[in-house]
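Novice: Can you read through this structure? Questions will come right after.
The values are calculated or read from the model by the stated rules, or taken from the named source; none is laboratory data. None of these values were measured; they are calculated from a predicted model. Cβ placement follows ideal geometry from the backbone for every residue including glycine, while neighbour counts extend to all protein chains displayed. What goes into the accessible areas is simple: the full protein's heavy atoms, side chains included, and nothing from ligands, DNA or RNA. Shrake-Rupley method; radii C 1.70, N 1.55, O 1.52, S 1.80 Å.
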Amino acid sequence: KEPDLYLGHGDVKYHLGHHSDWTCNDGHEVHLALCFNPSHLEFVNPVALGRVRAKMDRLGDHDHARGMGILIHGDAAFIGEGIVQETLNLSELKGYSTGGTLHVVVNNQIGFTTDPEDSRSSRYCTDIAKMLQIPIFHVNGEDPEAVAQVVALALEYRREFKRDVVIDMLAYRRRGHNESDEPAFTQPLLYDQIRRRDNVREGYVSHLVKQGEITREHADEIVDERRRVLEACFDAAHTDEEVAAQPDRPRRRVTSVLWKDYHGGPESVVADVETGVDRDHLAAVLHQLTEVPDSFTPHRKIKRLLDQRRQMAAGEQRLDWAAAEALAFATLSADKFRIRLSGQDSERGTFSHRHAVLHDVQTGAKYTPLCHLDDEQAPVEIYNSPLSEAGVLGFEYGYSINAPDALVMWEAQFGDFFNAAQVIIDQFICSAESKWRFLSGLVLMLPHGFEGMGPEHSSARMERFLNLAAEDNLQIVQPTTAAQMFHLLRRQMLRQWRKPLVIFTPKSMLRSPDVTSTLDDLATGTFQRIIPDPRRQEENPEVREILACTGKIYFELEKHRARLGRDDIHIARVEQLYPMPATVLERQLRGYREDVPIRWVQDEPQNMGAWPFLRYRFGDRLLGRHPFRSVCRPVSASPATGSSASHKLEQQLLMERVFGPDVRK
């Protein structure tokens, strides 16, 4: 029996989402979805809008007329949280537009205990929305008729112009931040006035009575009738909760029909899939990707790139990283999986390697070969994102949870730029399955590699993701060949197992001959979690030591070993750091003597990279047998040096520690 991952997990009730179908007075049904959210206030905004865009794309709603996002804000949060500006900026961009969002600001004139003069430099909390030149309606929350009129006007504007609209509803919190709070501690004068005021219902009833529209008795009857309805609904919901709590009642991981063919849980219950594609078909597709219309004039350097791709398709040249990635996108699109990639400069690629979207040097027109393979393929969308991490990553995460059949990817310009989106990673991507039973197949591509480019351009902070890894909530991978990347992306979609995939991609290695592959490598096999030493045999009596590593440093170790003729040392590449089943390790170490030591070698300082995670998991003996140590840079507060010369010296010292005279001690 599969273990229940959700026993003892979950979240507090006011963070949980909900969805239902509402039947309108005219008989039309509207699906309502309340997005789950953490306490990080406005960070749910781009997530909710990503979900809206995914629903629209799935329905083919290009006019953005069949759905709408509604975001409810607090006044202090709306002006105070930068993610609001990022979300507003997405509203009219091609890759992120949803045809207008209704923003409702419940303006309590206070941020917990902070007065407006301490929480904003503008007159109105909604002044941030002026960046869009959209209507901002200010309305008195104690006047229900005015509020209703403004809502109708705002919805009419959104329907007509397909743009955001803001309602600033001036109100107050009668009981402070929560029921047990004492707001008079910090706002005594304000709450002295609030206590003297009737609540909104009483004030409105008094107004209607004075106008002769209703009697007090009729108003009380309406209240009693509404209370009976609410009590009946509460009793029904309470009964449903009791039934759901029965121990023999099966729990559904995902309640959406959209997700019925997909599941989460541990990777151990998931069968591997064949991800290879017929060699001749790959060659034909790659050749297609080099074709542009006769009227299109690419840049002269792009012409050379296309010529190289033709040579790859003909088997005259090995495939580089970008070619393998493009073939993964193309073949998945042909299999009816939507492809969506966004990030800063992702069309061309930060390192000028991808060139998925070409530009005519004479007209500036764009052409994306991946979109012109055949009439039956699924859409391929590649967008240059705004200069935003949290907003865009939140949007793509939201998109992914409403598009399990789409390969949804976010690419950081440099790996550690995800730092600016840490809330999205911690509160949503890593923990949503545990907290809210929501699955996601979102892919994060984070360029990573120590190459002397300084602290901010070296590390994608592998240690942070490994620290968050538990209960198979993530896939953490660093592929080292073009074929591995091809099989990895295809595996992400062909398996019905959906978990976020974090890929540490190379930088300088993108064009290195070391990472290239052949068409045959893509045509056969599947993704390898661990790539053993090519010299490995069933019996290895002469091996004195095994070096284990991940990423670029493998190629440096291999070159030094070849130069020194050290055939007594084997080198294994760990391509998937998490989940890493013991059975895979066991199989790869079969044939080695139990006393053969294993040393983990990494570019990162000792307190970073994979070593802290591996040390915690395996201790000082791998699988309880092999002595297990590490070779790393010393512990450091910063990921890397800012000096290229210092970096080269550190790399030299690192190699000397691996292959020096103390290697057998």
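Novice: Restricting to the stretch 331-345, count the residues that are within 22 Å of Arg511 (Cα to Cα) and surrounded by fewer than 23 Cβ atoms within 10 Å (Cβ to Cβ).
Specialist: 2
Novice: Do we have any residue at all in the stretch 423-432 that's within 15 Å of Glu86 (Cα to Cα) and either open to solvent by less than 10 Å² (accessible area, probe 1.4 Å) or in a helix (DSSP H, G or I) (or both)?
Specialist: yes
Novice: Another one. List the number of the failed condition for Tyr262; all other conditions in (1) under 23 Å from Ser517 (Cβ atoms); (2) among the aromatic types (Phe, Trp, Tyr); (3) open to solvent by 30 Å² or more (accessible area, probe 1.4 Å) hold.
Specialist: (1)
Novice: Mind counting the residues in the stretch 351-360 that are touching a strand residue (DSSP E or B) at 6+ places or on another chain (Cβ under 8 Å) and either among the β-branched types (Val, Ile, Thr) or free of Cβ contacts under 8 Å to residues at least 60 places away in the same chain (or both)?
Specialist: 2
Novice: Next question, about the same structure. Evaluate the following for Ala323: is it surrounded by 15 or more Cβ atoms within 10 Å (Cβ to Cβ), within 16 Å of Arg490 (Cβ to Cβ) and in contact with a helix residue (DSSP H, G or I) (Cβ under 7 Å, 6 or more places away or on another chain)? Show your work before the answer.
Specialist: Details: surrounded by 15 or more Cβ atoms within 10 Å (Cβ to Cβ): yes; within 16 Å of Arg490 (Cβ to Cβ): yes; in contact with a helix residue (DSSP H, G or I) (Cβ under 7 Å, 6 or more places away or on another chain): yes.
Judged against the criteria, Ala323 is a match.
Novice: Would you mind telling me which numbered condition in (1) free of Cβ contacts under 8 Å to residues at least 12 places away in the same chain; (2) open to solvent by less than 70 Å² (accessible area, probe 1.4 Å) Glu604 fails?
Specialist: The number of the failed condition is (1).
Novice: Same structure again: Of the residues that sit in the stretch 163-176 and are touching a residue at least 12 places away in the same chain (Cβ under 8 Å) and outside any strand (DSSP E or B), which one is surrounded by the most Cβ atoms within 10 Å (Cβ to Cβ)? Before the answer, list the steps.
Specialist: Looking only at the stretch 163-176, we keep the residues that are touching a residue at least 12 places away in the same chain (Cβ under 8 Å), and these are 163-174, 176.
Pick out the ones that are also outside any strand (DSSP E or B) and you get 163-164, 171-174, 176.
On the way: Arg163: 17, Asp164: 26, Ala171: 18, Tyr172: 18, Arg173: 19, Arg174: 13, Gly176: 20.
If we take residues in the stretch 163-176 being touching a residue at least 12 places away in the same chain (Cβ under 8 Å) and outside any strand (DSSP E or B), then Asp164 is surrounded by the most Cβ atoms within 10 Å (Cβ to Cβ).
Novice: Please determine whether any residue of the stretch 638-645 is open to solvent by less than 70 Å² (accessible area, probe 1.4 Å), over 28 Å from Ser458 (Cα atoms) and not in a strand (DSSP E or B). Write out each step before concluding.
Specialist: Filtering the stretch 638-645 for residues open to solvent by less than 70 Å² (accessible area, probe 1.4 Å) gives 638-644.
The next check asks that each one be over 28 Å from Ser458 (Cα atoms); those that pass are none.
Taking every residue of the stretch 638-645 in turn, none turns out to be open to solvent by less than 70 Å² (accessible area, probe 1.4 Å), over 28 Å from Ser458 (Cα atoms) and not in a strand (DSSP E or B).
Novice: Look through the stretch 404-420, keep the residues that are of a type in the set (Phe, Trp, Tyr) and open to solvent by less than 10 Å² (accessible area, probe 1.4 Å), and return whichever of them is nearest to Arg354 (Cα to Cα).
Specialist: Of the residues in the stretch 404-420, the ones of a type in the set (Phe, Trp, Tyr) are 410, 414, 417-418.
Now narrow it down to the ones that are open to solvent by less than 10 Å² (accessible area, probe 1.4 Å): 410, 418.
On the way: Trp410: 14, Phe418: 20 Å.
Once the filter is applied, the top-ranked residue is Trp410.
Novice: Has the stretch 618-632 got at least one residue that is open to solvent by 20 Å² or more (accessible area, probe 1.4 Å), among the aromatic types (Phe, Trp, Tyr), in contact (Cβ under 8 Å) with a residue 40 or more places away in the chain and more than 14 Å from Leu547 (Cβ to Cβ)?
Specialist: Checked the stretch 618-632: no residue is open to solvent by 20 Å² or more (accessible area, probe 1.4 Å), among the aromatic types (Phe, Trp, Tyr), in contact (Cβ under 8 Å) with a residue 40 or more places away in the chain and more than 14 Å from Leu547 (Cβ to Cβ).
Novice: On to the next question. It is to be established whether one or more residues within the stretch 361-369 are touching a residue at least 12 places away in the same chain (Cβ under 8 Å) and under 24 Å from Leu501 (Cβ atoms).
Specialist: Yes: the stretch 361-369 contains one or more residues that are touching a residue at least 12 places away in the same chain (Cβ under 8 Å) and under 24 Å from Leu501 (Cβ atoms).
Novice: Something else about it: Restricting the first residue to the stretch 408-421 and requiring it to be at pLDDT below 95, which pairs with a second residue that is acidic (Asp, Glu) and part of a helix (DSSP H, G or I) meet a Cβ separation below 7 Å and a spacing of at least six or different chains?
Specialist: Phe414/Glu456; Asp416/Glu456
Novice: Still on this structure: Just checking: which of the helices (runs of 4 or more DSSP H) contained wholly in the stretch 479-568 hold 2 or more residues that are charged (D, E, K, R) and open to solvent by less than 20 Å² (accessible area, probe 1.4 Å)? First the steps, then the outcome.
Specialist: Numbers: elements: 482-494, 519-523, 553-564.
So the answer is 482-494.
Novice: Being over 32 Å from the mean Cα position of the chain (by Cα) and of a type in the set (Val, Ile, Thr) is the filter here; which residues of the stretch 544-574 pass it? Break it down stepwise before answering.
Specialist: The initial filter retains those residues of the stretch 544-574 that are over 32 Å from the mean Cα position of the chain (by Cα), namely 544-547, 557-571.
Within the stretch 544-574, Ile546, Ile569, Ile571 qualify.
Novice: Kindly indicate the residue of the stretch 378-403 that is over 13 Å from the mean Cα position of the chain (by Cα) and crowded, with 20+ Cβ neighbours inside 10 Å and also nearest to Val44 (Cα to Cα) among those meeting that condition. Quick ask: steps written out before the conclusion?
Specialist: Filtering the stretch 378-403 down to residues over 13 Å from the mean Cα position of the chain (by Cα) leaves 378-388.
Going one step further and asking which of them are crowded, with 20+ Cβ neighbours inside 10 Å, we end up with 380, 382, 385, 388.
Numbers: Val380: 26, Ile382: 23, Ser385: 19, Ser388: 15 Å.
Applying the filter and picking the extreme gives Ser388.
Novice: If you don't mind, there's one more thing I want to ask. With Arg251, Arg279, Arg227 as the choices, which residue is at pLDDT below 90, among the basic types (Lys, Arg) and surrounded by 10 or more Cβ atoms within 10 Å (Cβ to Cβ)? Can you show your working first?
Specialist: Details: Arg279 fails: at pLDDT below 90; Arg227 fails: at pLDDT below 90.
None of the other options fit; the residue is Arg251.
Novice: Return the pairs, sorted by first residue and then second, in which the second residue is among the aromatic types (Phe, Trp, Tyr) and open to solvent by less than 70 Å² (accessible area, probe 1.4 Å), the first residue lies in the stretch 109-126 and is within 15 Å of Leu41 (Cβ to Cβ) and free of Cβ contacts under 8 Å to residues at least 60 places away in the same chain, the beta carbons are less than 8 Å apart, and the residues are 6+ apart or on different chains.
Specialist: Cys125/Phe78
Novice: Kindly indicate the residue of the stretch 569-617 that is basic (Lys, Arg) and not in a strand (DSSP E or B) and also nearest to Thr550 (Cα to Cα) among those meeting that condition.
Specialist: Initially, the stretch 569-617 is screened for residues basic (Lys, Arg), giving 573, 587, 590, 593, 599, 615, 617.
After this cut, where a residue has to be not in a strand (DSSP E or B) as well, the list is 587, 590, 593, 615, 617.
Working: Arg587: 18, Arg590: 20, Arg593: 23, Arg615: 15, Arg617: 17 Å.
Per the stated criteria, the residue is Arg615.
Novice: Here's a check for you: in the stretch 177-208, which residue that is closer than 23 Å to Glu221 by Cα and of a type in the set (Ser, Thr, Tyr) is least open to solvent (accessible area, probe 1.4 Å)?
Specialist: Per the criteria, the residue is Ser206.
Novice: Can you tell me which residue among Arg53, Arg66 is buried (at least 18 other Cβ atoms within 10 Å of the Cβ), among the charged types (D, E, K, R) and either modelled with pLDDT under 95 or in contact with a helix residue (DSSP H, G or I) (Cβ under 7 Å, 6 or more places away or on another chain) (or both)? Show your work before the answer.
Specialist: Details: Arg66 fails: buried (at least 18 other Cβ atoms within 10 Å of the Cβ).
Answer to the selection: Arg53.
Novice: Has the stretch 353-369 got any residue that is of a type in the set (S, T, N, Q), surrounded by 21 or more Cβ atoms within 10 Å (Cβ to Cβ) and closer than 28 Å to Asp280 by Cβ? So that I can check it myself, show each step before the final result.
Specialist: Pass one, the stretch 353-369, residues of a type in the set (S, T, N, Q): 362-363, 368.
Still in the list and also surrounded by 21 or more Cβ atoms within 10 Å (Cβ to Cβ): none.
No - not one qualifying residue is present in the stretch 353-369.
Novice: While we're looking at this one, here's another question. Among the residues of the stretch 548-571, are any charged (D, E, K, R), in contact (Cβ under 8 Å) with a residue 12 or more places away in the chain and more than 20 Å from Val658 (Cα to Cα)? Walk me through it before giving the result.
Specialist: To start, the set of residues in the stretch 548-571 that are charged (D, E, K, R) comprises 552, 556, 558-559, 561, 563, 566-568.
Now narrow it down to the ones that are in contact (Cβ under 8 Å) with a residue 12 or more places away in the chain: 552, 556, 558, 561, 566-568.
Okay, now just the ones that are also more than 20 Å from Val658 (Cα to Cα), so none.
No, the stretch 548-571 has no match at all.
Novice: Which is touching a strand residue (DSSP E or B) at 6+ places or on another chain (Cβ under 7 Å) and on the phi > 0 side of the Ramachandran plot, of Gly591, Gly551, Gly565?
Specialist: Residue meeting the stated conditions: Gly551.
Novice: Check Leu102, Leu90 and return the single one that is within 29 Å of Arg175 (Cα to Cα), modelled with pLDDT of 95 or more and open to solvent by less than 20 Å² (accessible area, probe 1.4 Å).
Specialist: Values: Leu90 fails: within 29 Å of Arg175 (Cα to Cα).
Checking each option against the conditions leaves just Leu102.
Novice: Same structure, new question: Please work out which one of (1) on the phi > 0 side of the Ramachandran plot; (2) of a type in the set (Gly, Ala, Ser); (3) free of Cβ contacts under 8 Å to residues at least 40 places away in the same chain is the condition Gly315 fails and give its number.
Specialist: (3)
Novice: Going by the structure shown, is Val257 open to solvent by 100 Å² or more (accessible area, probe 1.4 Å), at pLDDT below 95 and of a type in the set (A, V, I, L, M)?
Specialist: On the way: open to solvent by 100 Å² or more (accessible area, probe 1.4 Å): yes; at pLDDT below 95: yes; of a type in the set (A, V, I, L, M): yes.
Yes; evaluated as a whole, the condition is true for this residue.
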